[in-house]
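Can you keep this structure in mind? I'll have questions shortly.
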Amino acid sequence: MFRIVASDLDGTLLTPDYRLTSFTKKILQLLTNRNIHFVFATGRHHINVMKIRENLKIDSYMITSNGARIHNSDGKLIASYNLDTDIVSDLLYIVHHDAQIITNVFYNDKLLMNKSILQPRWLTNGANFDVYQKNTLPLDGICKVYFTSNNYQRLLCLEKELNTRWEHRVNVSFSLPTCLEVMPEGVSKGHALEKVAKLLGCQLKDCISFGDGMNDQEMLSMAGKGCIMSNAQQRLKDTLPLLEIIGSNKYDAVSHYLQCIFFHN
């Protein structure tokens with residue numbers, strides 16, 4: 001039996017309107033009552049996730065910013081990884097003047113963007129929002145830069161450009177077809193989960209994980225079992241063809257799956 005459950009949020013544990021249903025809350029609370037460790041594993045900012053955890057009233061580790069930040073069950077920061085300042089300098093302005101792309105920055109406890117524009121609720125809820133001014137934003141303390149656009153092909157070109165430019169110094173992945181994320185080399189939800197499992201006296205084989213985006217790839221492939229949402233990006237399904245595909249986040253597929261494997265009796 002698995003001792004750790006790790007789940008992505010958007011497109012996975014949350015409904016399409018970014019909610020935790022009462023059924024999901026009940027299942028997660030039952031898990032922790034049985035001493036099964038639940039781990040948030042998301043690209044979201046930790047400030048945002050802390051509010052979700054507080055609402056659930058459970059003790060859980062938080063892997064945020066795709067693994068660039070790890071907080072323990074007491075909310076204490078136990079691991080932090082930032083992008084190198086020369087890379088940040090490039091990322092902040094590489095598409096600064098591109099009208100089709102918004103540059104987003106996770107800077108310490110703040111969420112910053114390069115344009116004043118209405119963003120989806122999940123990007124701003126619970127986090128400080130501001131527009132950064134060119135050449136005034138400090139280059140240290142930045143764990144993730146990500147680019148949002150409705151032009152998927154433009155982001156695909158940017159992905160290739162970033163990988164060519166920075167080679168093995170960054171980890172570039174899509175969390176959504178509209179969101180391209182850049183973290184430091186070696187940073188991923190999978191490697192963060194490995195660290196959390198060790199701290200809990202477990203191994204990766206003791207973990208079951210759930211995800212829907214390319215930023216979940218390492219976590220899904222490294223865990224003892226990885227489950228892909230039916231609503232996941234096709235690129236993820238093609239990359240990990242041997243993994244089980246479960247239902248949609250629209251119908252609480254993760255929670256129903258957990259109910260079946262942990263509470264079938």
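No lab work stands behind these numbers, since they all come straight from the coordinates. Remember, predicted model here, so these are calculated numbers, not experimental data. Please note: Cβ atoms are built from the backbone with ideal geometry, for glycine as well, and neighbour counts cover all protein chains shown.
Around Met214, what is the net charge, scoring Lys/Arg as +1 and Asp/Glu as -1 over all other residues with Cβ under 15 Å from its Cβ? Working shown, then result.
Numbers: positive: Lys144, Lys160, Lys189, Arg235, Lys237; negative: Asp8, Asp10, Glu159, Glu181, Asp212, Asp216, Glu218, Asp238.
It works out to a net charge of -3.
Assuming R0 = 41 Å, can you tell me the calculated FRET efficiency for the pair Lys205 and Thr178, based on Cβ-Cβ distance, to the nearest 0.05? Walk me through the numbers on the way to the answer.
Details: r = 34 Å, r/R0 = 0.83.
After rounding to 0.05, the efficiency reads 0.75.
Now for a separate question. Report the local net charge at Ala79: Lys and Arg +1, Asp and Glu -1, summed over other residues whose C-beta lies under 10 Å from its C-beta. Present the calculation step by step, with values, prior to reporting the outcome.
Values: positive: Arg69, Lys195; negative: none.
Around Ala79, the charge tally is +2.
Out of every Cα-Cα pair in the range 85-183, what percent are more than 23 Å apart?
Working: 884 of 4851 pairs.
The calculated P(r) of the range 85-183 puts 18 percent of pairs beyond 23 Å.
Anything over 21 Å Cα to Cα? Flag those among Lys25/Lys76; Lys51/Lys76; Lys205/Lys250; Lys76/Lys115, in the order listed.
From Lys25/Lys76; Lys51/Lys76; Lys205/Lys250; Lys76/Lys115, over 21 Å: Lys25/Lys76; Lys205/Lys250; Lys76/Lys115.
Quick one: plug the Kirkwood hydrodynamic radius of the chain (C-alpha pairs) into Stokes-Einstein at 20 °C, 1.002 mPa s, and report D in µm²/s.
Numbers: Rh = 18.5 Å.
Reported coefficient: 116 µm²/s.
Follow-up. Which order results if Ser7, Ser89 are arranged by neighbouring Cβ count within 10 Å, fewest first? Please list the in-between numbers first.
Working: Ser7 24, Ser89 14.
Lowest count first: Ser89, Ser7.
Count charges around Phe147 for me, please; just the other residues with Cβ under 12 Å from its Cβ, Lys/Arg as +1, Asp/Glu as -1. Let's see the in-between values first.
Numbers: positive: Lys115, Lys144, Arg154; negative: Asp98, Glu159, Glu161, Glu181.
Surrounding charge for Phe147 is -1.
Can you give the extra length, in nm with one decimal, that the chain gains between Arg235 and Ala99 once fully stretched, where that is 0.36 nm per residue apart less the Cα-Cα distance?
Value of the extension gain: 46.3 nm.
Still on this structure: Based only on other Cβ atoms within 10 Å, what is the fewest-to-most ordering of His168, His37? The partial results should precede the final answer.
Working: His168 8, His37 23.
Starting with the residue having the fewest Cβ neighbours, the order is His168, His37.
Given contacts defined as C-alpha pairs under 8 Å and at least six residues apart, what's the relative contact order of the chain, whole-number percent? Kindly include the intermediate steps, with their values, before the conclusion.
Details: 528 pairs, mean separation 54.3, N = 265.
That works out to 20 percent.
On a C-alpha basis, how far is the centre of the range 184-237 from the centre of the range 38-73 in Å? Whole number, if you could?
Each part's Cα centre sits 15 Å from the other's.
Oh, and also: Add -39500 (n - 2.57) for each DSSP H run of 4 or more in the chain, then divide by its residues: what number comes out at 222 nm, to the nearest 500 deg cm²/dmol? List each step's numbers first, then the result.
Details: 9 runs with 84 residues, N = 265.
Taking each H run of at least 4 residues, the total per residue is -9000 deg cm²/dmol.
Follow-up. Counting other beta carbons within 10 Å of each residue's own, what order do Cys207, Cys143 fall into, fewest first? Mind showing how you got there, number by number?
Working: Cys207 27, Cys143 24.
With the fewest neighbours first, Cys207, Cys143 line up as Cys143, Cys207.
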